[in-house]
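Scroll down for the structure; my scribbles are underneath it.
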Amino acid sequence: MTSSLLPVPPTSIIGRAREIRAIVRGLRRTETRLLTLTGPPGVGKTRLALAAAAAVEGDFRSGVVFVNLAPVRDPGLFEHTLIHTLGMRRFLGRPPLERLARHLADRHILVVLDNFEQVMAAGSSVAALLGSCPRLHLLVTSREALHLGAEREFPIPPLALPDPDARPTLTALARVPAVALFVARVQAGDPEFALSKDNAGAVAEICRRLDGLPLAIELAAAWVKVLPPQAILTRLPPRLPLLVAGGRDLPARHQALRAAIAWSEDLLGPEERAVFRRLAVFAGGFTLEAAHAVATADLPVDTLTVVTALVNKSLLRPDPSKTAEPRFGMLETIREFAWEQLAAAGEAARIRDRHLEYYVALAERAKGLFISLQAPEWSARVEQEYENFRAVMEWASEQAYVDAELRLASAICRWWSFRGNVGEGYKWVDAALAKSQQGPPSLRAELLHDVATFTYGDRDRAIALEQEGLVLARSLGDHETILRCLLNLGVARRLEDPQTARALLTEGLALARDKDDRLRIGLKLQALAMVAQVEGDLPRAARLFGAAELVLESYGLPYAPSPFAIADQTGLGQSIVAVLRGLGQQSFGAAWAEGRRLPLDLVIDYALGRVDLPAAAAPAPSGGQDAGGSPLTAREWEVARLITQGLSNREIGRTLAISERTADAHVLHILNKLGFNSRAQVAAWVAVSQGSAAAPSPTPP
């Protein structure tokens, strides 16, 4: 992933032009590798980081990526979160920090790490990445500096306040940043509102009382629809002593922010207050369906009505991303306060149990659909809810809810595999497997396979786990797990015993056809193509690769399990490259295209050895790239190299500073020139043209 994908704030930034210019200047200095925006909660660090990142987006050839660390409490998950956000599917068998270093090594990219104070112990990982990735730049927001050698700190001040001793005109007062923000937020709900001689003094004093903190000012402004500024001001003083009494060690500005949040919460009705604190249990946002199940099901309120009321009071924010179902969330500072109120009300354990119950059910709904044509839709939904899944897995483990932990780990394991975040997936499923003797045998069989899938570097353990899982699944009649075990025992046995591998895979393919399991059919065809390559039947391998690709495309998998594994030196990538080298470009492309054209039933019979097909054309004499040199222009070579990295046409456009339409045209020209019909073939061709299966060098041959 090398596109910007910056979140779009729901409202415009006000009164921060000077700070944005200064941050942008800092980011544009070549020597600035790590710029940290520091300041108290609610001062606007995230908003400033987004504005500055958007301003310099065009300066970074590989784009800008935003990483939200607010829901992450475990520093050990920092590297996994970064992998997840970057959409990495490469270098799957390596430690997470090494995966990141290899992925980012040559990228000129700006990564925004938001709310780093949540994972401060991960500073050593940041230092390591800066040391190994010379073109990586980081913009960090944090309540405190990281104290790294490369760091340049930029403290964020509160908004400028009106001078209490001056008597400015209304026009001059309206230009003061804190007042301008207050007025703008009020006018968003009441366009008729304006500063007047009757309210100007109260507005100025509200801003001073709230220390110029943008979040506190926005919370106060949200109440002007109900209370005029003077009424808001008279209600602020009694709250301050009550709040600071329990937290005198907090910085003064933090106290002011807590005062504003507490004051806003105190004005809610009883049901609204209950819903507000219960919604703190969600990490990374929630849907109305989730809010009803967890927060409002036992209250006499309409979920949409109460959520809308909390949005109007600035205690919730709608998620600006365009999704089929609207999502909402809290700013992290507000969520911290709501969480405290949930604990104080004695509801935390009960609401966390509800949260767990909802997401276990959601995970199990998704589990069955990961092997259906709805797989892309459900993969996207799990992606949106991933922070919630993390939170409930931690709760289940902490509370020793073994059944729930096993069900969760098993249910979203396939998503981890498809998404490429196998490191974190291994952490959870291996922990669950250790407890699986206490659960149902069916879950243990699944987890044995899941752990084997994620066990890189210990082939003997992986095979032993897979064999145990297969025996257990056969005893239970669990056809789904049997299919999965047969597949893995076949990417494991193909090299030293291709005959046994073929027997295992054909058994699985026949079973998948009986079950009309299209996803498993595609994966078995792919694995049998790899066996055919090992056995030297290269035309058969190319046909099966083409047929498998066509089936897997329906599941949103350009080429599973790792769409562009060629540059990753995985078994799949090496196998495709070997077929291209052996057949030559023309025969390779023709056989692959033939496999895509064949009816599925005929392809399956062919893969099972029940029918034969006419012999393919003889391989090109070059043993790889056909004679005549590279047919690609220099620009097309750039595009082809980016294809090997798994970039979409949109991401290619951003990386090369061209339009998506132009990128589309380049990709089409490349496919036509090479006689190919898929990006996987292009990736293999690039690898062969470079003389290895590794990632291509910076310049064409």
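List of remarks:
- Every residue from the stretch 160-185 that is surrounded by 15 or more Cβ atoms within 10 Å (Cβ to Cβ), touching a Lys or Arg at 6+ places or on another chain (Cβ under 9 Å) and over 22 Å from Leu48 (Cβ atoms): Pro168
- Meets criteria (under 21 Å from Pro7 (Cβ atoms) and outside any helix (DSSP H, G or I)) for Ala283: yes
- Any hit, the stretch 59-70, residues being farther than 24 Å from Gln118 by Cα and of a type in the set (Gly, Ala, Ser): yes
- Restricting Val43, Val56 to those that are crowded, with 20+ Cβ neighbours inside 10 Å and more than 18 Å from the chain's Cα centre (by Cα) reduces the list to Val43.
- Only one of the listed residues (Pro539, Pro498) is of a type outside the set (Phe, Trp, Tyr), in contact with a helix residue (DSSP H, G or I) (Cβ under 9 Å, 6 or more places away or on another chain) and surrounded by fewer than 24 Cβ atoms within 10 Å (Cβ to Cβ). That residue is Pro498.
- Cβ-Cβ under 6 Å pairs, at least 6 apart or on other chains, the stretch 392-406 side of a type in the set (Asp, Glu), far side buried (at least 18 other Cβ atoms within 10 Å of the Cβ) and in a helix (DSSP H, G or I): Glu405/Ala396; Glu405/Ser397; Glu405/Ala432
- Hits in the stretch 397-415 (condition: hydrophobic (A, V, I, L, M, F, W, C) and either over 19 Å from Asp450 (Cα atoms) or in a loop (DSSP other than H, G, I, E, B) (or both)): Ala400
Okay, residues lined up against (1) at pLDDT 95 or above; (2) buried (at least 18 other Cβ atoms within 10 Å of the Cβ); (3) charged (D, E, K, R):
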{"site": "Gly247", "(1), (2), (3)": "no, no, no"}
{"site": "Leu268", "(1), (2), (3)": "no, yes, no"}
{"site": "Ala274", "(1), (2), (3)": "yes, yes, no"}
{"site": "Arg277", "(1), (2), (3)": "yes, yes, yes"}
{"site": "Phe282", "(1), (2), (3)": "yes, yes, no"}
{"site": "Val294", "(1), (2), (3)": "yes, yes, no"}
{"site": "Ala309", "(1), (2), (3)": "no, yes, no"}
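- Taking the stretch 657-679 as the range and being within 14 Å of Gln585 (Cβ to Cβ) and assigned to a helix (DSSP H, G or I) as the test, the residues that pass are Ile670, Leu671, Asn672, Lys673, Leu674.
- Wholly enclosed helices (runs of 4 or more DSSP H) of the stretch 143-236 bearing at least 1 residues aromatic (Phe, Trp, Tyr): 177-189
- In the stretch 322-365, residue surrounded by the fewest Cβ atoms within 10 Å (Cβ to Cβ) [restricted to those that are among the hydrophobic types (A, V, I, L, M, F, W, C), within 25 Å of the chain's Cα centre (by Cα) and assigned to a helix (DSSP H, G or I)]: Ala361
- Output for the stretch 107-140, where each listed residue is of a type in the set (S, T, N, Q), in a helix (DSSP H, G or I) and surrounded by 17 or more Cβ atoms within 10 Å (Cβ to Cβ): Gln118, Ser125
The values are calculated or read from the model by the stated rules, or taken from the named source; none is laboratory data. Since this is a predicted model, take the numbers as computed values, not measurements. Every residue, glycine as well, gets a Cβ built from its backbone with ideal geometry; the counts of neighbours run over all protein chains shown.
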